Amino acid sequence: LALTDRSHAAALDAADPLGAYRERFVIVDPSLIYLDGNSLGRLPAATAARLVRTVTEEWGDGLIRSWDQWIDLPTRVGDRIARAVLGAEPGEVVVADSTTVNFYKLAVAALDARPDRRVIITDVDNFPTDRYVLEGMATARGATVRWLEVDTVAGPQLDDVAPLLADDVALVTFSHVAYRSGARADMTAITSAAHEVGALALWDLSHSAGSVPVALGRSNVDLAVGCTYKYLHGGPGSPAWLFVRKSLQSELKQPIWGWFGQRDQFAMGSAYQAQRDLRAFLSGTPSVLALAAIDEGVALVEEAGIAAVADKGRALTDYAIALYNAWLADLGFLLGTPRESEQRGAHISIRRADADVLCTALVGVGVVTDFRRPDAIRLGLAPLTTRFVDVWQGLAKIRDLAK
Ligand SMILES: *Cc1c(COP(=O)(O)O)cnc(C)c1O
């Protein structure tokens with residue numbers, strides 16, 4: 001079978017050990033080619049049922065009494081994320097707030113933990129919210145962002161970061177998988193280099209939690225944050241997770257002191273005393289409905305197993321790149337993603353000057369992708385819900401429109 005035959009894609013689907021997982025999701029329009037699971041993951045069927053239960057039984061019937069079972073959702077769901085996809089210990093991950101707010105909390109905590117150091121390192125191509133938070137925080141706290149210029153395909157490399165490291169650096173922070181290129185950084189090596197100069201490392205795993213293997217413990221990562229609505233299928237606007245390595249939890253202080261971080265919350269005491277564990281990184285009342293949805297999404301990923309999920313992501317992106325080589329490389333495109341599978345996540349970026357026009361035209365022929373400025377069509381190949389025939393169809397449509 002030729003690689004470019006649809007039947008080749010169908011054969012890959014037939015042999016896919018995770019193929020049956022697609023049926024665990026709500027798919028209203030089977031003809032839609034959805035290649036944007038890295039912006040918003042599909043809805044698991046179990047989530048709809050769980051939400052009905054949470055709303056009618058726990059809220060409708062249980063009312064305030066249900067807080068008994070709700071109060072520890074941030075830590076319970078956090079522990080599930082820790083073991084299912086992050087390679088972290090129980091008590092190292094909680095769910096709260098947005099990725100943006102969690103990133104702020106952890107970045108401030110890191111900067112405050114190194115009061116004699118005023119430099120933060122990140123890259124110019126990092127996700128906008130991370131860059132904005134760092135800018136705002138640096139302005140407010142008299143710190144400086146030392147911007148790393150990066151190759152827009154390869155992303156931050158240890159050899160580029162190393163020359164910027166010095167004993168004035170408090171914090172080194174990057175995305176593990178870059179939102180545009182899909183480039184995967186060497187988290188272990190860059191963290192180790194940051195530690196050598198006494199800095200802390202904070203990683204944004206929004207595009208890697210649930211798509212690639214991660215071992216925050218073994219990688220010796222200090223701090224991390226990530227979304228739950230992408231590869232974890234938590235639903236639109238579902239709150240984010242944050243990770244703080246156990247040994248740092250009593251040392252670091254986050255800046256948003258609220259009653260959910262207070263040691264004896266319901267004593268309603270006069271002065272703030274932070275919890276002794278990770279709950280100190282909570283602030284206000286958690287979003288119970290969203291947490292119930294995240295629990296179901298992560299449970300599906302856990303059941304499938306992150307190793308198998310990551311294998312499928314690698315196979316899908318390999319296949320997409322093979323079709324790119326066959327169909328698109330000669331049409332004036334640039335592959336905006338590393339070709340080496342260990343150096344990328346589960347999305348790829350195909351670049352040409354008219355990418356925005358192509359993305360709009362693709363929607364018209366039933367293919368949902370993302371346009372990312374200035375010139376990238378981003379194809380998110382969420383492993384649990386994307387078929388090889390979807391990749392085939394999506395790339396074929398791009399070829400037809402681009403000719
Ligand atoms: C999607 C994404 C976010 C989103 O942050 P929110 O606060 O949830 O809007 C943050 N960082 C990265 C790298 C992302 O890809």
* Since ALA2 meets every condition but one in (1) assigned to a loop (DSSP other than H, G, I, E, B); (2) touching a residue at least 12 places away in the same chain (Cβ under 8 Å), which condition does it not meet? -> (2)
* Structure fact -> Of ILE348, ILE398, the only residue that is in contact with a helix residue (DSSP H, G or I) (Cβ under 8 Å, 6 or more places away or on another chain), closer than 22 Å to ASP204 by Cβ, modelled with pLDDT of 95 or more and crowded, with 24+ Cβ neighbours inside 10 Å is ILE348
* **Filter result (away from the ligand (no atom under 16 Å from the Cβ), closer than 28 Å to ARG76 by Cβ and crowded, with 18+ Cβ neighbours inside 10 Å) within the stretch 95-114** => ALA109, ALA110
* Options ARG117, ARG146; residue that is over 30 Å from LEU291 (Cβ atoms), more than 12 Å from the ligand (Cβ to nearest atom), of a type in the set (Lys, Arg) and open to solvent by less than 50 Å² (accessible area, probe 1.4 Å) -> ARG117
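Out of ALA209, ALA185, which single residue is small (Gly, Ala, Ser), surrounded by 22 or more Cβ atoms within 10 Å (Cβ to Cβ) and free of Cβ contacts under 8 Å to residues at least 40 places away in the same chain?
After ruling out the rest, the residue left standing is ALA185.
To keep it simple, each residue is scored yes or no on (1) assigned to a loop (DSSP other than H, G, I, E, B); (2) under 25 Å from the mean Cα position of the chain (by Cα); (3) over 29 Å from LEU43 (Cα atoms).
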site	(1), (2), (3)
LYS253	yes, yes, yes
SER283	yes, yes, no
ALA290	no, yes, no
ILE294	no, yes, no
VAL301	no, yes, no
ALA315	no, yes, no
TYR319	no, yes, no
LEU323	no, no, no
TRP327	no, no, yes
* To do: Enumerate the helices (runs of 4 or more DSSP H) found wholly within the stretch 41-159, keeping only those where 1 or more residues are among the small types (Gly, Ala, Ser).
  => 45-53, 73-81, 99-112, 128-141
* Where ARG83 falls short, out of the listed (1) open to solvent by 60 Å² or more (accessible area, probe 1.4 Å); (2) within 24 Å of HIS176 (Cα to Cα); (3) free of Cβ contacts under 8 Å to residues at least 24 places away in the same chain -> (3)
* Please enumerate the residues belonging to the stretch 149-170 that are within 16 Å of the ligand (Cβ to nearest atom) and either farther than 14 Å from SER208 by Cβ or open to solvent by 30 Å² or more (accessible area, probe 1.4 Å) (or both). => VAL150, THR152
* Selection from the stretch 218-233 of residues that are of a type outside the set (Ser, Thr, Tyr), more than 9 Å from the ligand (Cβ to nearest atom), crowded, with 22+ Cβ neighbours inside 10 Å and within 14 Å of VAL85 (Cα to Cα) -> ALA224, LEU232, HIS233
* Asked: Does any residue of the stretch 362-374 turn out to be buried (at least 23 other Cβ atoms within 10 Å of the Cβ), assigned to a strand (DSSP E or B) and either of a type in the set (Asp, Glu) or touching a Cys at 6+ places or on another chain (Cβ under 6 Å) (or both)?
  -> no
* So which residues in the stretch 255-281 are open to solvent by less than 80 Å² (accessible area, probe 1.4 Å) and in a loop (DSSP other than H, G, I, E, B), if there are any at all? -> PRO255, ILE256, GLY258, GLY269, ALA271, TYR272, GLN275, ASP277
* To do: For the stretch 62-82, state whether one or more residues are within 16 Å of the ligand (Cβ to nearest atom) and modelled with pLDDT under 95.
  => no
* To do: Look at ASP168 and say whether it is in contact (Cβ under 8 Å) with a residue 40 or more places away in the chain and farther than 17 Å from THR100 by Cβ.
  => yes
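The values are calculated or read from the model by the stated rules, or taken from the named source; none is laboratory data. Every value quoted in this text rests on a predicted model; they were computed, and no experiment measured them. Glycine also receives a Cβ, built like all others from the backbone with ideal geometry; neighbour counts cover every protein chain displayed. Just the protein is used for accessible areas: all its heavy atoms, side chains included, with ligands, DNA and RNA removed. Shrake-Rupley method; radii C 1.70, N 1.55, O 1.52, S 1.80 Å.
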